[in-house]
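Only one structure is covered here, and it is reproduced in the block below.
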Amino acid sequence: MIDPEDRRAQSSPQLAMRVAILGGIAFAIFGIIFFRLWFLQVLSGDQYVAQASSNRVRTVVVQAPRGEMTDRNGNVLVENRSAVSVVVTPQRLPQDEAGRHALLRRLSWVLGRSTRPADCQFGSGDTATHRMLMPIECAVDQSVGALPYADVVVQPDASKAAYTYLSERAEQFPGVSTEDASLREYPYREVGAQLFGTVGQIDADQLRDPAFRGIRGGSIVGKGGLEGVYDHYLRGVDGEQRIQVNAQGQPTGKRLPETLARKGNDLKLSIDLRLEQAGQQALKTGEDLAHGLGNPANGGAFVALDPRDGEVLGMGSDPSFDPNIFAKGVSDRVYRQLNSTESNFPLFNRATQGTYAVGSTFKPVTSAAALSSGVWDVNRVYDDIGTWRSGDQVRRNAGGAVYGPVDLTQAIAKSVDTFFYNLGGLLNVPPEGHPNGGPLQEWARKFGFGRPTGVDLAPEADGTVPDPHHIRLLQDEQRACERRHGKANCNIAFLDDTWTIGDNASLAIGQGDFLASPLQLAVAYGAIENGGTVVRPHIGLAAIGPDERVIERFDSPPARRIDIPDLPVIQQGLRDSTLAGGTSADVFAGFGKEVFGKTGTAQITGKPDQSWYVAYVPDPVRPIVVACVIQNGGFGDQAAAPAVRQILSQWFYGHPGRVVAGSSTTT
Amino acid sequence: MSATPIKRSVQDATRTFARPRLGLDPLMLVAVFGLVAISVVAIGGSTRTLVRGAPDYYAHRQIAYAVVGTIVMLAISRFDYSRLREFKIGVYALMIAFNVLTLMLAAATRGARSWIALPFFRFQPSELGKVLLIIALAGFIVDRLRRLGERDTTARIMLLALGAAALVMVQPDLGSASVYVVCALTMLYIAGTSGRHIAGLLALFAVSLVLVLAVAPAAGVHVLKPYQVDRLTGFLHPSSNTNLTTYQLNQSKIAIGSGEKTGRGLARSTQTDLNFLPEHHTDFIFSVVGERWGFVGAAAVLSLYALLVWRTLRLLTMAKNLFGTLIAAGILAMLLYQLCVNVGMTIGIMPITGVTLPLMSYGGASYLTTFIALGLLQSIYAQARIAQGSKGRGLVLS
């Protein structure tokens, strides 16, 4: 069957030539491959070794636990709890929109979060844009917009079930991982909640702040409150775990060298836990008393200081909140609820940020101004006829009382308004040439009003000391407002107003435009107690390192010293006010300690009065000054004074004692 | 092919080792079993975690394929390949039938598959089709030997090859289709088709490649699926690390490059072990060798291929008839082209085509096809020896 055609000269020159060319091609192919291999493996091998190693090693940041916060006796106020957080790495999510959406939807189910699209805001202010997104999708996209390469914690405190589910199905959730996290825990919940601030992922502004230099995006840092101020101490040093992963990103279990996380330093506070708890409770007591008298008391604040050095022994604001909800990550809805009129702004620290008319508690300041400027002296007697007149203005004592002849001590003890209207009138200076007012304004500022106290708790309100300049500022504001919104919508100031003697008289009894925070008032009374040292209040005492070593003690030198003439006379007035015949005698009857105090009842147009009480006890071992306000709580003796008595009782006797209601209706 | 004394001694060894009737090329066997051994070790080390509870699953199967393949090779080598010329039409029809059957089964199961599931392995007609096409084409070319210079002959042979390639291409198996075309071209060239025809065909392919990859997509006509275009052009821009193709190419280059001179060994071959290297027991087996044994290992594998290519090349001039020469040429083209494309892909100088590395890649169909081809080569060798035995051996030694 073999075709004769298939017989041929076995090595015809043409065939040999073609075979040689084919061999040449084969030789060339082998040559190219060899040279390429030489280039890859011998010449650039080390570069590929490095790439292979960066392929397989993933660096996982181990979050360092923050330091704890303790009170002055070592009771833990803020501690850590270990939890598992669910983290999304945006770059490793599916690239296509549909796949990404589906994955985040499944993740929402696993974490028990809503999958219903809700409003999601990008940016802020006028440039803000809104989209409808699932909450988790919203969190991821917002973070990508702000910090493109940072991981996003979508659930700081995942349940055990969710953790197990996600770990077992890692390959179904690319870009989703679980991390050990430590969460803040506040064992005393509402007590002192406004002091601590919160922690959270570092934001874009903080990353630009030099104070946070070297901090990686996605780190947990303190925000606001003590967490923010002492973040440098509380923040630990994050560790790095280097784990080998396969192409799917799953850990292979092989351990590589790691750097351990170093816990932050503990922060010892000057707060006394028992006093803090009693204070928080006392605010409620004061409000309850006010309610019983028909006043709509809706919030309050107290500050307790050591008048020697400004250590804050207690500080509280009511209503309060449970900061533990922030540790778990708070939803926009809950956050809005916490910042609303319905909840009465529990996040707001009324002790430092709240400013109020202080009423009669300002009278010692007026006294100091009058004595120092020589418009009054300690022996001079004022004959009260129940009214004070200046031009066509007529002012009366509260409740229409007539006290007859009173000296300064008695005027303070009985809180005689006309006496101080008179001083206010005497202390007035013409507005022309005195834009910052006269001695009264000067002394108010000396005591620390109208400017921050320098407490280690930002933000802090400055308060207002009214003077001619202040009136002009308000009028400028009024004009600007009228230009923008029309006259009818602006009720800031009257444009034809000028500073009058009446304004100074109002200031003399802590009324008018005067505003101060409870903390400022406590500092001012501290100066009266300690003989003229205006302290700089502070809460942080020391940073405590591992093995209880003190890393740093936070010294807080006094803001200034002032020389108050005839101080004992003013002090005597405060002492007498808690004794028989004084405005708060009934509340402090039988207290057993020398209490120096002053009621305050600040009138606000159209609203019930602010109930104030400020007191100090010059105990040689444990001196204390306490300022307390009950918003819309009525007379000072009715709501605030009983609260202060409980706080002092806690401090000296270890228990708040019984509630002693007051009935004095003087200011 | 220069060192005559060595060659002579090799020939002497061949003579004493193999009796004329059983004549097998021992050097080719060295190359083949050397590659099989390296393949088994490389697969064994890189697939231990792929099948749970059976770390040696792939290695054991590969050994089984090699054993079956060796038996097939030995069996074929005993027959005179020349008799296959009579069945060229039947062989071609069989090849077409297999491929059509695959397409029909794929359509029935609504899946794009280029294989048919058999109890022991996946039968892949496009693989076996390579050898069948080579046999059939060799037969057709020899039939028209007198009119080889005519354009008509070239066109007919190419149509036979392209028809088969088209069937394979839609399966979709672009890689095997290109093997078909390359084999046909090489066989035509060796048979003595005019150089102008060959040049014309090459120009035609070049033009159609440009049309399919560049012009047609620009005009909105997509002949190939986007992922196929991607795979074909990915190696040209390796730094655009965005899609799967360039990812695979980069991982393969990292694997080979990180092997450096002597390799990272089994324990530290992280690219393979941690699955960064895709398809490491099939398409990217050469990268496994490169990572584990470095330049030394890769060079050893290439040397064994060079040995195989040299021994096959030698058969072209040694075969007792043109049919044998053409079969050897077709098989040589198949082996060399697959080696070039597969290794070229792993080192980043060739596109991803899904072409396996003969004797190295895991897979029953690939092994069976290669061993059938090797059996044919051994048959050509044996028949040449017998023919020379009757005519004297002087020519063989030249």
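Kirkwood analysis of the range A:306-386, using all unique Cα-Cα pairs, places the hydrodynamic radius at 17.3 Å. With the alpha-carbon atoms of the range A:478-576 aligned to their principal axes, the span from lowest to highest coordinate is 65, 42, 21 Å, starting with the largest.
Taking the helices alone, chain A has a mean residue ellipticity at 222 nm of -10000 deg cm²/dmol, built from -39,500 (n - 2.57) per DSSP H run of at least 4 residues and averaged over all its residues.
In a reduced charge model with +1 at each Lys and Arg Cβ and -1 at each Asp and Glu Cβ, chain A shows a dipole moment near 1740 debye about its Cα centre. Sorting A:119-130, A:528-539 by their mean Cβ neighbour count within 10 Å, with the most densely packed peptide first, gives A:528-539, A:119-130. The C-alpha atoms of the range B:141-252 occupy a region whose extents along the principal axes are 54, 33, 26 Å, arranged from largest to smallest. Sparse packing (at most 14 other Cβ atoms within 10 Å of the Cβ) combined with a DSSP loop state is found for the following trypsin sites (Lys or Arg not before Pro) in the range A:582-667: A:658. Here's the picture: charge each Lys and Arg Cβ at +1 and each Asp and Glu Cβ at -1 in the protein assembly as shown, and of A:339, B:133, A:436 the one pushed furthest to the positive end of that dipole is B:133. Quick note on the range A:377-430: its Rg to Rh ratio, both from C-alpha atoms and Rh being the Kirkwood radius, is 0.96. Legend: ranking of residues A:163, A:403, B:305 from fewest to most surrounding C-beta atoms inside 10 Å; resulting order A:163, A:403, B:305.
Checking Cβ-Cβ separations below 4.7 Å across the protein assembly as shown identifies A:628, B:183, B:340 as cysteines lacking any candidate disulfide partner.
A convex hull fitted to the Cα coordinates of the range B:208-326 yields 156 cubic angstrom per residue.
Considering only alpha-carbon pairs that sit under 8 angstrom and 6 or more positions apart, the relative contact order computed for the range A:586-667 is 30 percent. Spin-label model, residue A:605 to residue A:379: label points 7 Å out along the Cα-to-beta-carbon direction sit 4.4 nm apart. For the listed peptides A:510-517, B:297-304, a ranking on the average number of other beta carbons within 10 Å per residue, highest first, reads A:510-517, B:297-304.
Averaged over peptide A:218-226, the number of partner chain Cβ atoms lying within 10 Å of each residue's Cβ comes to 0. Once the gyration tensor of the Cα atoms in the range A:63-130 is diagonalised, the equivalent ellipsoid follows with semi-axes of 36, 19, 13 Å, ordered largest first. When only Cα pairs below 8 angstrom with a gap of at least 6 residues are kept, the range B:279-348 shows a relative contact order of 31 percent.
Shown here is the pair-distance distribution of chain A: with all Cα-Cα distances grouped in 10 Å bins from zero up to the longest one, the shares run 3, 13, 20, 18, 15, 11, 7, 4, 3, 2, 2, 1, 1, 1, 0, 0 percent.
Spin-label model, residue A:476/residue A:436: points 7 Å from Cα along the beta carbon direction are separated by 1.6 nm. When the range A:441-526 is described by a simple charge dipole with +1 on each Lys and Arg Cβ and -1 on each Asp and Glu Cβ, the residue from A:517, A:448, A:488 located farthest towards its positive end is A:488.
For residue A:35 and residue B:150, a Förster radius of 41 Å and the Cβ-Cβ distance give a FRET efficiency of 0.50, rounded to the nearest 0.05. Starting from the Kirkwood Rh over alpha-carbon pairs, what translational D in µm² s⁻¹ does the range B:317-378 have by Stokes-Einstein at 25 °C and 0.890 mPa s? Reported coefficient: 195 µm²/s.
Evaluated with a Cβ-only charge set (Lys, Arg +1; Asp, Glu -1), the range A:298-413 carries a dipole of roughly 300 debye about its Cα centre, given to the nearest 20. Legend: ranking of residues A:270, A:372 from fewest to most surrounding C-beta atoms inside 10 Å; resulting order A:372, A:270.
Taken over the range A:1-152, the percentage of Cα pairs per 10 Å bin, counting from 0 up to the bin with the maximum distance, is 8, 17, 16, 15, 12, 10, 8, 7, 4, 1, 1, 0.
Packing around the peptides B:152-160, B:211-219, A:485-493, taken as the average count of other Cβ atoms within 10 Å per residue, puts them in this order, highest first: B:152-160, B:211-219, A:485-493. Out of all Cα-Cα pairs in the range A:255-390, roughly what percent, to the nearest whole number, are more than 22 Å apart? For the range A:255-390, the share of Cα pairs beyond 22 Å comes to 63 percent.
Here the calculated FRET efficiency for residue A:262 and residue A:124, from their Cβ-Cβ distance with R0 = 45 Å, stands at 0.80, rounded to the nearest 0.05.
Distance from the C-alpha centroid of the range A:362-382 to that of the range B:135-210: 118 Å, rounded to the whole angstrom.
Considering only Cα atoms, the convex hull volume of the range A:133-263 works out to 159 Å³ per residue. A simple spin-label model places the labels of residue B:27 and residue A:209 7.9 nm from each other, with each point 7 Å out along Cα-to-Cβ.
For chain B, the dipole from Cβ point charges (+1 on Lys and Arg, -1 on Asp and Glu) about the Cα centre works out to 1020 debye, to the nearest 20. Only helices enter the 222 nm calculation for chain B: every DSSP H run of n ≥ 4 contributes -39,500 (n - 2.57), and dividing by all residues gives -22500 deg cm²/dmol, rounded to 500. Look at A:470, A:291 and count the other Cβ atoms within 10 Å of each Cβ; fewest to most, that gives A:291, A:470. Size descriptors for the range A:518-667, from the alpha-carbon set: Rg then Dmax equal 17.1, 57 Å. Legend: translational diffusion of the range A:363-475 by Stokes-Einstein, Rh = Kirkwood radius over C-alpha pairs, 25 °C, 0.890 mPa s; D = 158 µm²/s. Mean per-residue shielding of peptide A:23-36 is 6, counting Cβ atoms of other chains within 10 Å of each Cβ.
For the range B:250-398, the spread of Cα coordinates along the three principal axes comes to 58, 27, 24 Å, biggest extent given first. The share of Cα pairs per 10 Å bin across chain B, counted from zero up to the longest distance, runs 5, 21, 31, 27, 13, 3, 0 percent. Its relative contact order, with pairs defined as Cα atoms under 8 Å and 6+ residues apart, puts chain A at 14 percent. The alpha carbon centroids of the range A:65-124 and the range A:606-628 are separated by 43 Å. Using the Cβ-Cβ distance between residue B:227 and residue B:101 with R0 = 30 Å, the FRET efficiency computed as 1/(1 + (r/R0)^6) comes to roughly 0.70.
Read the figures in this text as sums done on the coordinates, not as results from a lab. In this text the structure is predicted, and so the values were computed from the model without any measurement. Note that we place each Cβ from the backbone using ideal geometry, even for glycine, and neighbour counts take in every protein chain shown.
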